[in-house]
């Protein structure tokens, strides 16, 4: 399932001038709490680091364009409690991600859950689960 | 013949008996199980040594700031509403507009490290100090217990200057002054002045349980004293508890910014 508004963000990218660094202690002010995108993804990088671990991946939009996304979860201490490790994701993995996207349409977001190649589901961003 | 066999049996039995006794004497002494605590044991007096953790993780983290605070003075309201741009709490701003000093890996400071991201910490007591070693940002504080007076004009420090004493056998009270005003009180951008005084109260309920209360006194910013923590429950962890590092490294913060901001420039 792919949200049809997904492709609109590509147009917006050219007009975006956001160069401010992303805050490490932000709440969900920049994310669209009412939207979830499900994407088939090929992992390009999984960074296990403070302040937040994050995943980058390639996905194909409705027009066949490959788009690079970057989505975040929590810090390694919290992610370890949820069953993640630094080896949970590897470049080349074919996964399915559920993402809460940024309000401004940029290909960034919060990773809510991921289905791994072996079928296992890992819960990502969930401030209520520590 | 039978007498010889009986004699042999008795002699062997005697040798075996001595062997077992000797073995018992050289067996290693029993050590306390480091994987467990002992709630039923009496709480040690004037001793908070050990690794403590919050009972409620989300309450320890407090991402949206303190539960409540005293009303701001005019100066406090100006800083809170016009100067600080927090990433969370009632005055949060969109990503990219926040100016939280933590974002650039400035120290969280005291008492923010008790009011935000309070995670496991270890207490070590020496003859003249009570040391607190915190997982979050891997910092430590020293509370002087040698009876010295709190300084009247302390130099500003990220974690302040602290003295403390036992109010009774199970209650340790510390006072802190000299906190650098660049630090925020919590993750919601609640401010404080350099004149703030903070009282910590650690009250041990039993062997495995403690309550933490933090009182903020800052007439420049708040109209009256208030509690940043009110009997926050802490539990004693097994002595072999190992905690992961949580350090804000500027290089990692920069990497995070670049990797999350890069898709916007393509």
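Since every read-out is calculated from the coordinates, none of them should be taken as a lab result. Since we're looking at a predicted model, the values are computed, not measured. Using ideal geometry, Cβ is built from the backbone for each residue, glycine included, and neighbour counts are taken over all protein chains shown.
Annotations
- Largest first and in whole Å, the equivalent-ellipsoid semi-axes of segment B:170-241 read 27, 13, 11, each the square root of five times a Cα gyration tensor eigenvalue.
- Using C-alpha pairs below 8 Å separated by at least 6 residues, the relative contact order for segment B:50-239 is 26 percent.
- Sorted by Cβ neighbour density within 10 Å, fewest at the top, the residues A:57, B:170: B:170, A:57
- Label sites at residue A:82 and residue B:128, each approximated as a point 7 angstrom past Cα along Cα to Cβ, lie 4.8 nm apart.
- Expressed per residue, the C-alpha convex hull volume of segment B:50-239 stands at 115 Å³.
- Per residue of B:248-258, other chain Cβ atoms within 10 Å of the residue Cβ number 4 on average.
- Simple spin-label estimate for residue B:249 and residue B:171 in nanometres, 7 Å along Cα-Cβ: 4.4
- FRET efficiency estimate (nearest 0.05) - Cβ-Cβ, residue B:235 to residue A:103, R0 56 angstrom: 0.90
- Dimensions of segment A:52-130 from C-alpha coordinates, computed as largest minus smallest value along each principal axis and given longest first, are 39, 30, 16 Å.
- Spatial separation of Cα centroids for segment B:231-246 and segment B:58-79, in angstrom: 26
- For segment B:192-243, the relative contact order is 32 percent, taking Cα pairs closer than 8 Å that sit 6 or more residues apart in sequence and dividing their mean separation by the residue count.
- Efficiency of FRET from Cβ geometry, residue A:32 and residue B:85, R₀ 35 Å, rounded to 0.05: 0.95
- Segment B:130-183-segment A:41-104 distance, computed between alpha-carbon centres (Å): 41
- For segment B:200-220, backbone nitrogen atoms closer than 14 Å to the point 7 Å from residue B:41 Cα along Cα-to-C-beta are found at B:206-209.
- Estimated FRET transfer efficiency when R0 is 45 angstrom, pair residue A:45-residue B:34 (beta carbons, to 0.05): 0.70
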